[in-house]
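The values are calculated or read from the model by the stated rules, or taken from the named source; none is laboratory data. These numbers were taken from a predicted model, which means no experiment stands behind them. So basically every Cβ, Gly included, is an ideal-geometry build from the backbone, and we count neighbours across all protein chains shown. Ligands, DNA and RNA are stripped out before the accessible areas are found, and what is left, the full protein with its side chains, is counted by its heavy atoms. Shrake-Rupley method; radii C 1.70, N 1.55, O 1.52, S 1.80 Å.
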Amino acid sequence: MSLTSFFRFLSPKDQTFGPLFNEDTANLVQMGKSLNAMVRARKQKDRDQLSEEIDRLESQGDEITHQIFVALGKTFITPFDREDVHALAASLDDIADYMQGAAARARLYNIVSFPPAIVDLVEILQQGIDEVVVAVSLVMTLKDRQKIREALVKIHSLENEADRIFNRAIEELFRKE
């Protein structure tokens, strides 16, 4: 029996944080899908409805984050370091906030048609969220560290690809506009 297995055996089974983090990441997946649909929508009415849906999902995410923070204050033994639980919850909330902010600005600026780079970036964001779901679910159980590492490497690769797309879009903007 490995040391990790031994500690997992002694640790109480998490019945609070795992479900909340799963709910939070599922909410992020839905937000990503809505943002993806929003940047592809052709009608302003559809974009507005999707933006409102993103607002609703962001509020739902805020409530989940609040529940995690309340549970953190009430729980003596957490599945991993309490500062890390807090940081993870705050980071997931930041992802939701950034998506909601992007949707709100697109609506505020009345963007009629999104450039291909934006569509590509939102697609990469969706892929990144999918990897976050994998990583968070694995972190909650600490069962497969290799898969956690693989998800993190994939997230980093997606971030690098998003940086390349962003830089090309800025370069094109200055060249053509």
Only sites in a loop by DSSP and with at most 12 other Cβ atoms within 10 Å count here; which chymotrypsin sites (Phe, Trp or Tyr not before Pro) in the stretch 80-177 make the cut?
Y109
When the convex hull of the C-alpha atoms of the chain is computed, what volume per residue in Å³ does it have?
111
With only helices counted (DSSP H, runs n ≥ 4, each -39500 (n - 2.57)), the per-residue ellipticity at 222 nm for the chain, to the nearest 500, works out to -29500 deg cm²/dmol
With unit charges on the beta carbon (Lys/Arg positive, Asp/Glu negative), name the residue among G73, A102, V39 whose Cα is farthest towards the positive pole of the charge dipole of the chain.
V39
In degrees, nearest ten, helix 145-176 long axis to first principal axis of the chain (Cα)
20
In whole percent, and with a 1.4 Å probe on the protein chains, what portion of the accessible area of the chain is carbon and sulfur?
57
Please identify, among M99, M140, M38, the residue showing maximal mean-square fluctuation in a Gaussian network model of the chain using a 10 angstrom Cα cutoff.
M140
For the chain, size of Cβ-based charge dipole, Lys and Arg +1, Asp and Glu -1, in debye
360
Any residue on another chain or 5+ positions along whose placed amide H is under 5 Å from the amide H of F114 is listed here as none
Test of understanding: what is the full-extension gain from D94 to D46, defined as 0.36 nm times their sequence separation minus their Cα-Cα distance?
14.8 nm
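Is the C-alpha gyration tensor of the stretch 106-165 telling us rounded, prolate or oblate? Criteria: a/c under 1.5 is rounded; beyond that, a/b larger than b/c is prolate, otherwise oblate.
Details: a/c = 4.85, a/b = 2.36, b/c = 2.05.
Note, shape of the stretch 106-165 comes out prolate.
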